[in-house]
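One structure is given here, and the rest of the page talks about it.
All of the numbers you see were taken from the coordinates with simple rules; none came from a lab. Because the structure is a prediction, the values reported are computed rather than measured. Glycine gets a Cβ as well: all are built from the backbone with ideal geometry, and neighbour counts include every protein chain shown.
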Ligand SMILES: Nc1ncnc2c1ncn2[C@@H]1O[C@H](COP(=O)(O)OP(=O)(O)O)[C@@H](O)[C@H]1O
Ligand SMILES: [Mg+2]
């Protein structure tokens, strides 16, 4: 059995993991204590910092435990090797190495998490008091959430318009033949222009410009509709490009197959190319839609009372940004379920076509 | 008048001339096989016949009607002349039966029920009725190619163009596809096929055409082309094929 190759090395890694875990514990204790000592004005914050320190130490202990098992397995591996049990020795060494890597991962995560919280607490909780004052957040939350409905409405209505108009633009851009040239040119010009001009400028021009034009219907719209118009015009250009990239990434052989059956250009797009392209464009489409949602907060420049505008009222009357943090949190809350939903949808689609 | 008539077909890509004046007549119920080295223009010629490529000069006529040049209803032409590709090209987002029924439903105005029933009948003929509800990704290459043939047949074409339909298949899957073509030939389907399966070509063809660098160098009945080719280059080509163990 001398031909068996020996177990992988594990000792150095395990020793390093152990030292790292100990260093982590020391760091958490030292940093945590010095930050806690700096908190003098708020007893609640002081208590909180003690809890954070305790949690950090507990997680540090878990990390140390993983490191110690790495060491244990490494020693076992050595004794098994000495006894000539190479296969067992290899397994133990592998276990040891795995525990070492778990230690590294844990240590990294604990350190980052702990450091972030300490950043909030440091300097007598300055960051916390500027951005995260619970009382101010709670006090403003209801009004801001109510104003946030405006953001959601803007995003949804513009989103629908953009999906349709973007597709029209994408197809206009791809119209074949000589006769299609002027249409193609217009589509390209529009897309280039709208992608070049910042959304906030379009919004500003429309929001303040249209009312001055005395155009029938258009100049009489309220600010919310100006916002929808501006966001739709801007984002249609992006979405048109998303559609186009999706359509372009369908292999030409699909066109050949469809055309050879006798389907026309537009029928081919409708029945075969777009349905396949749609699936491909869902992820970039979602990114664009999330960007659109976020840009609804730009409407405060034309005076629409959205969540950000509402939060700014609170911020300027309390000289504190905690209410604006509430807006940030609201955006996070509505965005995350969307990304998970799209993940789920893509997975389901893939499963249906592959495994059934 | 022959069913498909090609005269003086020329085709270039930028400044590379791929077809250099091809004349060819294909009678109804005839099977014509194109052979020739890779790059000799077989695929291009087939694609020109159903206008997937536009030709630079010459004329294509099908069933007595000139179908090249401006003002032709290409979609109608293509319904008459079906095509099957080397890479199957099934629609991956549709089930097998929908791949087959979509043409009859959308283009021939058949009702969905009837079209699906017919799709399953056709699938039964190629022993694939148990795969009707599968998606193309879930089938082997041979099965996909059989579906692709059925999809073309479902449009009730008057002629079929088959472009190296077994070249992308593992060797053990070739026979199942060729058997179907054999059945079609026996049923009198007019076909033009490009292939490297010389044994098969010899067996099913009425006429074999040897293409070289965009020119039709020699044509004749299979016994003559494979047995006593007139042109030295045809002989050289066939020798290579024999050496590769394909004949
Ligand atoms: N879309 C294309 N663009 C440019 N050249 C092409 C194109 N399609 C085919 N060709 C060229 O035309 C020649 C003939 O190709 P093809 O008809 O595919 O030959 P075969 O099918 O006999 O192998 C080759 O030289 C090939 O490189
Ligand atoms: Mg070819």
- Message: Based only on Cα atoms, what mean projected area does the convex hull of the stretch A:116-215 have, in nm²?
- Response: 11.7 nm²
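When DSSP beta bridges are limited to those with both residues in the protein assembly as shown, what percentage is antiparallel, rounded to the nearest 5?
55 percent
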- Query: When the gyration tensor of the stretch B:14-76 is built from Cα positions, what are the square roots of 5 times its three eigenvalues, in whole Å, from largest to smallest?
  - Reply: 20, 17, 10
- Task: Whole Å is fine, so just give me how far the alpha carbon centre of the stretch A:173-214 lies from that of the stretch A:1-64.
- Result: 57 Å
- Message: Averaging over every viewing direction, what projected area does the convex hull of the Cα atoms of the stretch A:1-138 cover, in nm²?
- Response: 9.4 nm²
- Query: Order of A:333-340, B:93-100 by packing, highest average Cβ count within 10 Å first?
  - Reply: B:93-100, A:333-340
- Give the whole-number value, in cubic angstrom per residue, of the convex hull volume spanned by the C-alpha atoms of the stretch A:115-164. 94 Å³
- Can you put B:55, A:302 in order of Cβ neighbours within 10 angstrom, beginning with the fewest? A:302, B:55
- Query: Hey, how many Å between the Cα centroid of the stretch A:218-265 and the Cα centroid of the stretch B:45-119?
  - Reply: 27 Å
- For the stretch A:126-171 and the stretch A:285-309, what is the separation of their C-alpha centers, rounded to whole Å? 6 Å
- Note on the structure: Of A:36-42, A:120-126, ordering from highest average Cβ density within 10 Å down gives A:120-126, A:36-42
- Query: Rounded to a whole number of µm²/s, how large is the Stokes-Einstein D of the protein assembly as shown at 4 °C and 1.567 mPa s, given Rh as the Kirkwood radius over C-alpha pairs?
  - Reply: 42 µm²/s
- Cα extents of the stretch B:4-243 along the three principal axes, largest first, in whole Å? 54, 45, 32
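How much of the DSSP beta bridge set in chain B is antiparallel, as a percent to the nearest 5?
55 percent
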- Query: Considering the alpha-carbon set of the stretch B:108-247 alone, what are its Rg and its Dmax in angstrom?
  - Reply: 17.4, 56
- Query: How crowded by other chains is B:66-76, given as the mean number of beta carbons from other chains within 10 Å of each beta carbon?
  - Reply: 1
- In degrees from 0 to 90, rounded to the nearest 10, what is the angle of the helix A:274-295 Cα long axis to the longest principal axis of chain A? 80 degrees
- Query: Tilt of helix A:11-38 relative to the longest C-alpha principal axis of chain A, in degrees (0 to 90, nearest 10)?
  - Reply: 70 degrees
- Take every residue in peptide A:107-115, count the Cβ atoms of other chains within 10 Å of its Cβ, and give the average of those counts. 0
- Note on the structure: Put in order of increasing Cβ neighbours within 10 Å, starting from the fewest, B:12, A:69, A:10, B:205 give B:12, A:69, B:205, A:10
- Expected sort for B:150, A:150 with the fewest Cβ neighbours (10 Å cutoff) up front is A:150, B:150
- Note on the structure: Expected integer from the mean partner chain Cβ neighbour count at 10 Å over B:153-159 is 1
- Report, to the nearest 10°, how far helix B:171-186 tilts away from the longest principal axis of the Cα atoms in chain B, using its own Cα long axis and a range of 0 to 90°. 90 degrees
- Task: Please report, in whole Å, how far the alpha carbons of the stretch A:135-355 spread along each principal axis, starting with the longest.
- Result: 69, 52, 25
